[in-house]
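Asker: Dropping the structure in here first, questions after.
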Amino acid sequence: MAITLNSGFKMPVIGLGVWRMDGKDIKSLLINAIKIGYRHFDCAADYKNEAEVGEALAEAFQTGLLWNSDHGHVLEACKDSLKKLQLDYLDLYLIHFPVATRHTGVGETGSALGDDGVLDIDTTVTLETTWHAMEELVSLGLVRSIGISNYDIFTTRDCLAYAKVKPAVNQIETHPYFQRDSLVKFCQKHGICITAHTPLGGAAANTEWFGSVSCLVDPVLKGLVEKYKKTAAQVALRWGIQRNTVVIPKTSKLERLEENFQLWNSDHGHVLKACKDSLKKLQLDYLDLYLIHFPVATRHTVQIRKHFPIDDLILFGGLYWKHAGVGKSGSALGDDGVLDIDTAISLETTWHAMEELVSLGLVRSIGISNFDIFTTRDCLAYAKVKPAVNQIETHPYFQRDSLVKFCQRHGICITAHTPLGGAAANTEWFGSVSCLVDPVLKKTAAQVALRWGIQRNTVVIPKTSKLERLEENFQVFDFELSKEDMELIRSVDRNYRTNQPAKFWGIDLYV
């Protein structure tokens, strides 16, 4: 059973992942896998067993992955994998993660950590540059199909905008406990096959490594085990296949190999006009700061389907609503009720149009909003004018330290657009829980939360229409939280996003 990729080649729907398999044990396992019927093997330079895999495989669908530190050395990295695997070509070659790190030598995949113990991210190589180097591998006949791995909707959409050869595959973590329907459906809608690299949720191995909970012990799966007389793993794999995804479970046990195989049968293209429209409405000659609202474009059209509140000071071409004329920002929903995403305009194109606004004197500074580390890093790589600000949701329940520190390290100011967690408004709109009710917060909870944000060196922009709240929110300069209290608030982080735009768009862009 196979899925036909957009490149025209077929890929078996079940494969074998060889991550965390010791080289000395792998040869006999792979030979047995081929005897059982496996013809799809997922390999990567980072798995450090390509040479042993190459010795074992003669006939199979071969997937290789480009490691983070090799983004500027794609051809050399591919040739190195081919040499180790003893192959003339790869069936599929993927970008392992949408982030480049400091180059440590072709085929060397140790994590490149800086002196501070944090991943040493390279902001000089764009994902577009890497992708075009991947496309060259197809032209040279070294790979049949190319794809991406661990890309979210934002980075996948951007890849579609600059790709000459469309990615055939996006290999992601997806399983019953992390279904990611919006990402899966978006990719499938655009002809990108989804491969699940962790279709069983990591099972015992990830529980041991990361302390995660396996979906295989869930009562729902256990009930289906009784109904179909199959194992929980078989039920989970069959669920993945019936979603039209490819599954590549990992195991080093022969009995599991056999068991797993026995499955029963709107403004991004109009930046200048949008900016001038905002200036006209605001009766200004220039803006101090202009932001791309979201790192996603939607279809340019005259139709509006639903209104969503906006702040006209922010570039709503950045959210790329279905275009109803400059300055109109109704949600761009398709006939299926899902956000109608435009894959024709890259974020780089939009950013260079933003830079032009600075040259024309229409804005003093430009920035981004709701960008994650992947999209921010890529922006830094193609930017001539570095973004001054990244405006994001961050508050005591959703602290996002890695993103905040990454931006600050690269001179990008973080502005918290939801510094109080949305409070009553988001509770009403999205059913989210406000951090202001947490027992850790004293004085007024809002003042403590705002002061915490300021002491993290972020800018806070709370929203209120009440005069007394306006005054209260501004009275945060007459006290300072102690180091102990800052740590106490840090302890309440829930990684909890309160803004849920999927309610309006029919798709969860953050999944």
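Asker: Using 0.36 nm per residue, how much length does the chain from H190 to L140 gain when fully extended, once their Cα-Cα distance is taken away?
Answerer: 15.5 nm
Asker: Name the residues whose placed amide hydrogens come within less than 5 Å of the amide hydrogen of R364, ignoring near sequence neighbours (fewer than 5 apart) on the same chain.
Answerer: Hits under the 5 Å cutoff: L287, D288, L289.
Asker: Report the calculated FRET efficiency for E226 and V433 (r = Cβ-Cβ distance, R0 = 30 Å), to the nearest 0.05.
Answerer: E between E226 and V433, to the nearest 0.05, is 0.25.
Asker: Using the number of other C-beta atoms within 10 angstrom as an exposure proxy, rank K84, K281, K405 with the fewest first.
Answerer: K281, K405, K84
Asker: Which far-off residues, 5 or more places away or on another chain, put their amide H under 5 Å from the one on L90, with H placed in the peptide plane?
Answerer: V143, R144
Throughout, read-outs are computed from the coordinates displayed, never taken from laboratory work. Being a predicted model, the structure only gives us computed values, none of them experimental. Every residue, glycine among them, receives a Cβ derived from its backbone with ideal geometry; neighbour counts consider all protein chains shown.
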